[in-house]
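Take a look at the structure below.
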Amino acid sequence: MTDRYAVVGNPVQHSLSPRIHAAFAAATGQRLVYETLLAPLDDFPGTVAAFFRAGGLGLNVTVPFKEQAAAWVSELDPPAAAAGAVNTIVRLQGGFRGYNTDGAGLVRDLVGNCGVGLDGARVLLLGAGGAARGAVGPLLAAGVEGLVIGNRTAARAEALAATAPAVRAGRVSGTGLDGIGGRFDLVVNATSAGLGDDAVVGVDPGVVEDAFCYDMIYARRGTVTAFCRWAQAHGARAAVDGLGMLVEQAALAFELWRGVAPATAPVLELLRRGDV
Ligand code: ATR
């Protein structure tokens with residue numbers, strides 16, 4: 001039987017992950033199938049258990065199940081435990097291990113594909129939900145010097161800052177959106193605000209001036225995300241969407257499952273051109 005993988009979510013039918021993993025498999029000569037798996041909102045555990053009972057080897061997990069996945073697995077990789085969210089499940093001999101490759105994927109896209117230097121950088125992270133939680137550890141591990149977490153609900157930003165690794169704690173702070181000031185080398189949007197067409201209301205636009213701006217959300221081909229448009233309009237050095245992060249987190253998952261690290265640049269290029 002061919003090795004089976006899938007991305008589980010709701011909704012999930014428009015996920016790019018099957019195309020990304022098919023491209024990785026073709027490039028590395030791995031024989032596998034990777035599909036979408038729609039789970040009812042009220043039955044993530046049953047859906048996942050049935051997939052693995054039927055012989056599935058691994059899952060990616062997307063909205064809105066990443067927190068539930070962290071509770072479902074039998075063991076957690078430390079970054080997944082820190083994020084409280086799992087985006088990759090690996091089947092073990094007698095259980096399931098949950099990983100979170102999103103934050104590492106973000107850092108790999110920033111450093112490897114975008115050429116952003118993180119060592120010593122001053123970073124503003126907008127948002128304090130699951131996406132932001134997964135990014136804090138990897139950003140700090142990459143040498144970020146100052147990390148300001150800005151969130152609509154200030155208390156959530158403060159709480160997230162308080163969970164930062166102790167050694168870096170002095171370099172991390174949390175605030176409400178209207179309390180953000182100063183200059184930043186990098187501004188990352190980890191809010192879900194761009195999912196609709198809302199501007200990131202309440203943030204002083206001066207914070208993006210000359211900064212490299214990164215939206216964890218990716219734009220449909222030929223479009224620009226609301227956050228990137230906002231950043232460009234206010235003097236950002238560059239504004240990039242999260243397609244590269246999507247490809248990088250997928251490559252890290254592929255490597256966990258198959259033991260082979262696929263090249264990401266060709267796949268990212270194909271996706272940007274809409275050829276895959
Ligand atoms: P995710 O897993 O995508 O991070 P989440 O955990 O629901 O989703 O978090 C959503 C984030 O987007 C939160 O930081 C939320 O701010 P609050 O904590 O104040 O709710 C932020 N967010 C959502 N809509 C927003 C908006 N219109 N303006 C600003 N921030 C918004």
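The values are calculated or read from the model by the stated rules, or taken from the named source; none is laboratory data. As the structure is a computational prediction, the values presented were derived from the model and not from experiment. Note: ideal-geometry Cβ built from the backbone for every residue, glycine included; neighbour counts use all protein chains shown. What goes into the accessible areas is simple: the full protein's heavy atoms, side chains included, and nothing from ligands, DNA or RNA. Shrake-Rupley method; radii C 1.70, N 1.55, O 1.52, S 1.80 Å.
Can you work out which of the residues in the stretch 47-70 that are of a type in the set (S, T, N, Q) and within 16 Å of the ligand (Cβ to nearest atom) is least open to solvent (accessible area, probe 1.4 Å)? The qualifying residue least open to solvent (accessible area, probe 1.4 Å) is Asn60.
Residues of the stretch 138-164 that are in a helix (DSSP H, G or I) and open to solvent by 80 Å² or more (accessible area, probe 1.4 Å): Ala141, Arg156, Glu158, Ala162. When the stretch 31-46 is filtered for residues that are surrounded by 17 or more Cβ atoms within 10 Å (Cβ to Cβ) and among the β-branched types (Val, Ile, Thr), only Thr36 remains. Being within 15 Å of Tyr214 (Cα to Cα), within 16 Å of the ligand (Cβ to nearest atom) and modelled with pLDDT under 95 is a property that Ala135 lacks.
What are the residues in the stretch 121-132 that are open to solvent by less than 40 Å² (accessible area, probe 1.4 Å) and away from the ligand (no atom under 15 Å from the Cβ), if any?
First, the residues of the stretch 121-132 that are open to solvent by less than 40 Å² (accessible area, probe 1.4 Å): 121, 123-130, 132.
Within the stretch 121-132, Ala121, Val123 meet the criteria.
Being farther than 30 Å from Gly29 by Cα and surrounded by 18 or more Cβ atoms within 10 Å (Cβ to Cβ) is the filter here, so list the residues in the stretch 218-267 that pass it. Scanning the stretch 218-267 gives Thr225, Ala226, Phe227, Cys228, Trp230, Ala231, Ala236, Ala239, Val240. Identify the residue in the stretch 188-210 that is under 20 Å from the mean Cα position of the chain (by Cα) and modelled with pLDDT of 90 or more and, among all such residues, is farthest from the ligand (Cβ to nearest atom). Here the residue is Val188. Could you tell me whether the stretch 94-103 includes any residue that is more than 12 Å from the chain's Cα centre (by Cα), in a helix (DSSP H, G or I) and away from the ligand (no atom under 16 Å from the Cβ)? No, because not a single residue in the stretch 94-103 is more than 12 Å from the chain's Cα centre (by Cα), in a helix (DSSP H, G or I) and away from the ligand (no atom under 16 Å from the Cβ). The set of residues in the stretch 79-89 that are touching a residue at least 24 places away in the same chain (Cβ under 8 Å) and either open to solvent by 20 Å² or more (accessible area, probe 1.4 Å) or within 18 Å of Ala263 (Cβ to Cβ) (or both) comprises Pro79, Ala82, Gly84. Residues that are at pLDDT below 95 and among the β-branched types (Val, Ile, Thr): does the stretch 60-70 have at least one? Yes, the stretch 60-70 contains a residue that is at pLDDT below 95 and among the β-branched types (Val, Ile, Thr). Does the stretch 37-47 include one or more residues that are modelled with pLDDT of 95 or more, touching a helix residue (DSSP H, G or I) at 6+ places or on another chain (Cβ under 9 Å) and within 18 Å of Phe254 (Cα to Cα)? Yes - at least one qualifying residue is present in the stretch 37-47.
Close Cβ contacts (under 6 Å, 6 or more residues apart or on different chains) running from residues in the stretch 54-76 that are free of Cβ contacts under 8 Å to residues at least 60 places away in the same chain and under 20 Å from Glu35 (Cβ atoms) to residues that are open to solvent by less than 10 Å² (accessible area, probe 1.4 Å) and polar (S, T, N, Q) comprise Val61/Asn87.
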